[in-house]
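Each remark here refers to the structure printed beneath this line.
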Amino acid sequence: MDRHLPGGRRPRRSGPRSRKGSDHGCSLTCRGRHTRCDETRPVCGNCRKSRLQCQQPDFVSSKWSTFDPAVVGAERHGQCNKINPNCAPRSQRDGEHQVQEPQRMSRAVADREGASPPAESMITPEIVHLLRVYEKSIATWMDVFDSEFTYQRRLLCMAPSSPLLLNAICALAARQLSLIESPRTWKPVAEHYYGQAVHFLARLLSAFPNKMELAIVGTILLSSYELLAFPGLDYQRHCKGAHTIIESLHAHNSASCLTRASFWIYARHEVAEALNRNSPTFHDPGSWPKFNLSAAEPAEDSFCNDVLRLTAEIVCIVFGKTSRSRTKRRKRDLSAVQSELCTWLHRCPKQWKGIEYAEDGNVRYWFPRPNFAAALVFYHLSMLLLWHDLERVQEGPKNVNEIYDQVDAHSRQIILIALSSLPDSAIVVVVQPLCYAVNHVRDNTLKESAILLLDNIEAQTGFHTKSKLERQLCR
């Protein structure tokens, strides 16, 4: 036996090496051992035996027809690329403080997502810190239109018994810290948790297709991870995967509070991405729930989610295939949505519309709840899209100046609301409408203030704004 390599393995033979994949479709080999990865565990079995710092490549199951199978690269998840059992993580090699690596999940947990391992086997000081970061920041963004605070309260209670949720939450929190604090310290940590979460999600979809409610939550968290920094290819794949699960679960009509909360978060992602692409949403907003706003005491989230639905309907009409046609049906649809928007604003309680005040000679608004501010921004965005669409297809009033004045007025209101010291939970939600408003407002001073605000949002929250703004300004 050759004792020069760990585990007594013989040196690799020269010549081309077979790249045949495993049963799961992974075409990569273990970098630490130069052998095929053992995909029966979250960590390659060969590396585990020899105590190598290398782990198997993660993969996404082809369970979703619209979610392309993807292999997350070894370098993305901080894998060792040398045949060295003592290879140290990047942060340690650079002389930085090494963040404690989470304890590995047992095989039983890997094989059964629904299992509940003892909390002490999973919770570490690093994980506790990341859970607190998530609770105080990103979770509030998730629940901005949810009066039950499902993603803050319920998800944190579920996390210790779900490796998928725990890793996804930690990945999301670490990713934010890498954007606003120390990239070199937190980015490898975020990538590690992200890889583990993708792995558990793939296993869940493959082995437990009946647990789609848990799968959609994991998908929402992972797509938020991608959206936080830059909505690239991985983000689009997770969005399409979420769309597939939403459709299969009929989540828009679900009685489960967890599924319902996940659906409306997905809906916000849908609207923002559709605005970013200037295209209709994947999911037909005509099937989204319509709330009874005439009730004696309607819930806050009913008003918020209903105006989101109306915005989605307008987006689909304005950017749909018939966006430039003058068909009677299109005119009728636009008129119907505009009427619903007027009804929404009329029934919205007065105090929800914000109280105007002056600050250094500028108009500002105070809102009792941050979700009211975000909802009102979506109302003004909807009206902005309607009036801008009239200008684009040369319909509506003969006085073109009236159209321009309406577009400018709604753009101004979006910017003024955004400048009114909103908390992070609301300001992140209104980024895409704010980019639209910057592109249509006439007041250059107000435009410059809005651009500066977008820069501050990215610096303080890590939420990417520059590419969104540049894309709108180029149109």
**Of residues in region 377-417 being under 23 Å from Ile427 (Cα atoms) and β-branched (Val, Ile, Thr), the one modelled with the lowest pLDDT** = Val407
**Item:** Flag if Asn456 is among the polar types (S, T, N, Q), over 18 Å from the mean Cα position of the chain (by Cα) and at pLDDT 85 or above
**Value:** yes
**Request:** Could you please let me know if Ile451 is part of a helix (DSSP H, G or I), among the hydrophobic types (A, V, I, L, M, F, W, C) and touching a Phe, Trp or Tyr at 6+ places or on another chain (Cβ under 8 Å)?
**Result:** no
**Message:** Restricting to region 364-386, give me the number of residues that are surrounded by fewer than 17 Cβ atoms within 10 Å (Cβ to Cβ) and in contact with a Ser or Thr (Cβ under 9 Å, 6 or more places away or on another chain).
**Reply:** 2
**Item:** Scope region 182-192; condition under 16 Å from the mean Cα position of the chain (by Cα) and either among the hydroxyl-bearing types (Ser, Thr, Tyr) or open to solvent by less than 10 Å² (accessible area, probe 1.4 Å) (or both); matching residues
**Value:** Ala190
**Message:** The conditions are (1) open to solvent by less than 10 Å² (accessible area, probe 1.4 Å); (2) assigned to a strand (DSSP E or B); (3) among the hydroxyl-bearing types (Ser, Thr, Tyr), and Tyr357 fails exactly one of them. Which is it?
**Reply:** (1)
**Asked** What are the pairs, 6+ residues apart or on separate chains, where a residue within region 443-471 that is small (Gly, Ala, Ser) has its Cβ under 6 Å from a residue that is open to solvent by 20 Å² or more (accessible area, probe 1.4 Å)?
**Response** Gly462/Leu179; Gly462/Ile180
**Asked** If the Cβ limit is 6 Å and pairs must be 6+ apart or interchain, which residue in region 159-179 that is more than 14 Å from Gln196 (Cα to Cα) pairs with which residue that is not in a helix (DSSP H, G or I)?
**Response** Ser161/Ser116; Gln176/Gly462; Leu179/Gly462
**Complete:** Here, helices (runs of 4 or more DSSP H) confined to region 124-181 with at least 2 residues that are under 22 Å from Cys304 (Cβ atoms), open to solvent by less than 40 Å² (accessible area, probe 1.4 Å) and of a type in the set (A, V, I, L, M) are 138-142
**Request:** Could you please tell me which pairs satisfy a Cβ distance under 6 Å, a separation of 6+ or placement on different chains, a first residue in region 393-406 that is under 20 Å from Val441 (Cα atoms) and in a helix (DSSP H, G or I), and a second residue that is at pLDDT below 70 and open to solvent by 70 Å² or more (accessible area, probe 1.4 Å)?
**Result:** Val393/Arg324
**Prompt:** When residues of region 151-169 are filtered for being in contact with an Asp or Glu (Cβ under 8 Å, 6 or more places away or on another chain) and either farther than 26 Å from Phe378 by Cβ or modelled with pLDDT of 95 or more (or both), how many remain?
**Reply:** 5
**Message:** From the list Ala418, Ala426, exactly one residue is within 24 Å of Ile355 (Cβ to Cβ), in contact with a Leu (Cβ under 8 Å, 6 or more places away or on another chain) and touching a residue at least 40 places away in the same chain (Cβ under 8 Å). Which is it?
**Reply:** Ala418
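The values are calculated or read from the model by the stated rules, or taken from the named source; none is laboratory data. A quick note: this is a predicted structure, and the numbers were derived from the prediction, not measured. Glycine gets a Cβ as well: all are built from the backbone with ideal geometry, and neighbour counts include every protein chain shown. Please note that ligands, DNA and RNA were not included when accessible areas were found on the heavy atoms of the full protein model with its side chains. Shrake-Rupley method; radii C 1.70, N 1.55, O 1.52, S 1.80 Å.
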